[in-house]
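J.: Okay, handing you the structure first.
The values are calculated or read from the model by the stated rules, or taken from the named source; none is laboratory data. Remember, predicted model here, so these are calculated numbers, not experimental data. Here the Cβ positions follow ideal geometry from the backbone for every residue, glycine too, while neighbour counts run over all protein chains shown. Each accessible area value is taken on the protein alone, full model and side chains, heavy atoms only, with ligands, DNA and RNA left out. Shrake-Rupley method; radii C 1.70, N 1.55, O 1.52, S 1.80 Å.
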Amino acid sequence: MTQIPGLAEEHTSTPLSSSQSITLRIAKYNPVHDTEKKFMEFNIPYEKWTTVLEAILEVKKHFDHSVAVRFSCRQATCGSCGMIINGKPRLACFTKISELNSNIITVEPMNNFPIIRDLAVKFERLFDTHHKVKPYIIRDDTEITSDTKEFLQSPEELEQYIQFSNCIKCGLCNSACPTMATDSSFVGPQALAQAYRYVADSRDKGKDTRLKIIDESHGIWRCHFAGSCSQVCPKGVDPAMGIQLLRGYMLGFKS
Amino acid sequence: MRESIIMKIHYGSALAAVGLVAVHILMRLTQGYAESLEYANVIRNYHFLPYAGMLEIILILLSIHGFIGLRVILLELKQGRIYEKVISYSCFIAMIGLITYGTRTIIMVNMG
Ligand code: SF4
Ligand code: FES
C-alpha cells in the first residue's frame, strides 16, 4: 500500500480481542437512494475501556469500510462524533461500551439534523444559528485594536459565563430538543446558550443586539423548558439554564 | 410586535386570571357550591355590577392568554412567513370575536 508522504500511518489494524462482545447495530441510510434506515449487525469484542467510536471504527476496518461516521479528536473536544447511542444523543468517543450495560448497542444519526449518510449529519443549521447570535465579544473597534487596552475581569464576572464557554458545538442538545423536532426555524439550545455566554460576559457590549436577534417568533420564547438539552450535554454547559437566565434579561429581572 | 412583549402579555394575563378565577371560585363557596350554580343565583351574579365586571375581565384575560397560546402552538406546527402572518391575524380576530360575543352575553344578561 502506498503511504501518502507526511501522513502518519494508523497502527490499529489488529482486531480487538476480548472474552466479552456486544452486538453493534449500525443504522445505514443513504438519502440519495434509500427510502428508510436499515440496521446492520456486527459482533464486536470489547474491553472495559473500549468506546462506541472504537467499536464503529473496528467495523469500518474489518467488516464494512463504507460506514459513514464523523470523528476527529477522539477525546470529547472537537464535537464531531455525536450520534444516538441506545436511544440517547451522546458522543461516541466519550461513551464506553461497558457503561451502557447492554449486550446490544444501537447507533443512529442524531435527530433533528439532515442525514448525509449513515451516522454523518449536516451541521449547516447549527452553524448558521450559532453564527446568527454573534458568538464573539462585541466592542468598539477602536478599543480592540489599541495595544495598551486590557479588558480585566474579576473571578466573579468570569463565573457568570465560564460554564457556557465549554460548548464544543457537538449538536447533542439540538438533537435532544423537542422544539427543534417540530419547529424547523427554531434557533435551538446550542445557539441560545452561546447567546447567554456572550450576554453575560462583562467585557461584551452587544447585549441589546443579541437579545433583539433571539427575540423573534422562532427565538428564545419557543423553548418549553423540557430540559433535555442539559441532560445530554457532554460538557456540562446546561443550555436550559442559559435560556432561563436570558429570559431573565428579557423580562427585566436582570440588566 | 416584539415576541417578548407578546409573551409578557401572555404570562401577565395568566397571572391576573389565576388571581381573579380564585376570587370567582371563592365566591362560589360563600354559598353552597351546588346552590351557587343554580339558575337564579347565576343570573343574580350577572346583575351584581362589580361581579359582572370581574367576569368581563376574566373573559378578556383568558381570551388573550388562550389565543396567544394557540398562536404559539400553531407557529410550532408549521413555518413560513405567510403562514405566520395568517395565524397571528386569525388568532387576533378570533380573540376579538370571542371577547365581543362574551361581552354581549354579560351585557344582555346584566340588563335584561
Ligand atoms: S451546549 Fe453542550 S450539547 Fe449543546 S452543542 Fe454545546 S457542548 Fe454540545
Ligand atoms: S471525536 Fe471529537 S468529540 Fe468525539
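J.: Determine whether region A:141-151 contains at least one residue that is open to solvent by less than 40 Å² (accessible area, probe 1.4 Å) and either within 25 Å of A:GLN75 (Cα to Cα) or without any contact (Cβ under 8 Å) to a residue 60 or more places away in the chain (or both).
T.: no
J.: Suppose we filter B:ALA40, B:ALA52 for residues that are in contact with a Phe, Trp or Tyr (Cβ under 9 Å, 6 or more places away or on another chain), farther than 21 Å from A:ARG222 by Cβ and not basic (Lys, Arg); which single one remains?
T.: B:ALA52
J.: Let me ask something else about it. Check B:ARG71, B:ARG81 and return the single one that is within 14 Å of chain A (Cβ to nearest Cβ) and open to solvent by less than 40 Å² (accessible area, probe 1.4 Å).
T.: Answer to the selection: B:ARG71.
J.: Between a first residue in region A:156-181 that is at negative phi and a second residue that is β-branched (Val, Ile, Thr) and surrounded by 15 or more Cβ atoms within 10 Å (Cβ to Cβ), which pairs have beta carbons less than 7 Å apart while being 6 or more apart in sequence or on different chains?
T.: A:GLN163/A:VAL237; A:PHE164/A:VAL237; A:ASN166/A:VAL237; A:CYS167/A:VAL237; A:LEU172/A:VAL232; A:CYS173/A:VAL232; A:ALA176/A:VAL232
J.: Just to check your reading of the model, which residue among A:PHE164, A:PHE123 is within 21 Å of A:PHE94 (Cβ to Cβ), in contact with a helix residue (DSSP H, G or I) (Cβ under 7 Å, 6 or more places away or on another chain) and open to solvent by less than 60 Å² (accessible area, probe 1.4 Å)?
T.: Of the residues listed, the single one that is within 21 Å of A:PHE94 (Cβ to Cβ), in contact with a helix residue (DSSP H, G or I) (Cβ under 7 Å, 6 or more places away or on another chain) and open to solvent by less than 60 Å² (accessible area, probe 1.4 Å) is A:PHE164.
J.: Out of B:ILE64, B:ILE57, B:ILE106, B:ILE93, I need the residue that is touching a residue at least 60 places away in the same chain (Cβ under 8 Å) and either in contact with a helix residue (DSSP H, G or I) (Cβ under 6 Å, 6 or more places away or on another chain) or of a type in the set (A, V, I, L, M) (or both). Which one?
T.: B:ILE106
J.: Being of a type in the set (D, E, K, R) and either within 16 Å of ligand 2 (Cβ to nearest atom) or touching a residue at least 40 places away in the same chain (Cβ under 8 Å) (or both) is the filter here; which residues of region A:205-243 pass it?
T.: Answer for region A:205-243, where residues must be of a type in the set (D, E, K, R) and either within 16 Å of ligand 2 (Cβ to nearest atom) or touching a residue at least 40 places away in the same chain (Cβ under 8 Å) (or both): A:LYS205, A:LYS207, A:ARG210, A:ARG222, A:LYS235, A:ASP238.
J.: Residues to consider are A:GLU41, A:GLU36, A:GLU54; find the one that is in the same structural domain as A:ILE97 (by TED's automatic domain parsing), acidic (Asp, Glu), at pLDDT 95 or above and farther than 15 Å from A:THR95 by Cβ.
T.: The match here is A:GLU41.
J.: May I ask you to verify whether A:SER202 is without any contact (Cβ under 8 Å) to a residue 40 or more places away in the chain and more than 16 Å from ligand 2 (Cβ to nearest atom)?
T.: For A:SER202, the condition - without any contact (Cβ under 8 Å) to a residue 40 or more places away in the chain and more than 16 Å from ligand 2 (Cβ to nearest atom) - is not met.
J.: Could you please find all residues in region A:210-238 being within 14 Å of chain B (Cβ to nearest Cβ), under 24 Å from A:GLY79 (Cα atoms) and surrounded by fewer than 21 Cβ atoms within 10 Å (Cβ to Cβ)?
T.: Matches in region A:210-238: A:PHE225, A:ALA226.
J.: Right, next: Among the residues that make up region A:180-190, is at least one of them touching a helix residue (DSSP H, G or I) at 6+ places or on another chain (Cβ under 9 Å), within 30 Å of A:THR95 (Cβ to Cβ) and more than 14 Å from chain B (Cβ to nearest Cβ)?
T.: Yes, region A:180-190 contains at least one residue that is touching a helix residue (DSSP H, G or I) at 6+ places or on another chain (Cβ under 9 Å), within 30 Å of A:THR95 (Cβ to Cβ) and more than 14 Å from chain B (Cβ to nearest Cβ).
J.: Could you list, in sequence order, all residues of region A:59-84 that are within 12 Å of ligand 2 (Cβ to nearest atom) and either surrounded by fewer than 20 Cβ atoms within 10 Å (Cβ to Cβ) or not assigned by TED's automatic domain parsing to the domain that holds A:LYS28 (or both)?
T.: A:ARG70, A:PHE71, A:SER72, A:CYS73, A:ARG74, A:GLN75, A:ALA76, A:THR77, A:CYS78
J.: Any residue that is surrounded by 11 or more Cβ atoms within 10 Å (Cβ to Cβ), within 16 Å of A:HIS218 (Cα to Cα) and more than 10 Å from chain A (Cβ to nearest Cβ) - is there at least one of those in region B:13-35?
T.: No, that holds for no residue.
J.: I would also like to ask the following. In the list A:ASP183, A:ASP204, which residue meets the criterion of being open to solvent by 10 Å² or more (accessible area, probe 1.4 Å) and either within 16 Å of ligand 1 (Cβ to nearest atom) or not assigned by TED's automatic domain parsing to the domain that holds A:CYS78 (or both)?
T.: Result of the check over A:ASP183, A:ASP204: A:ASP204.
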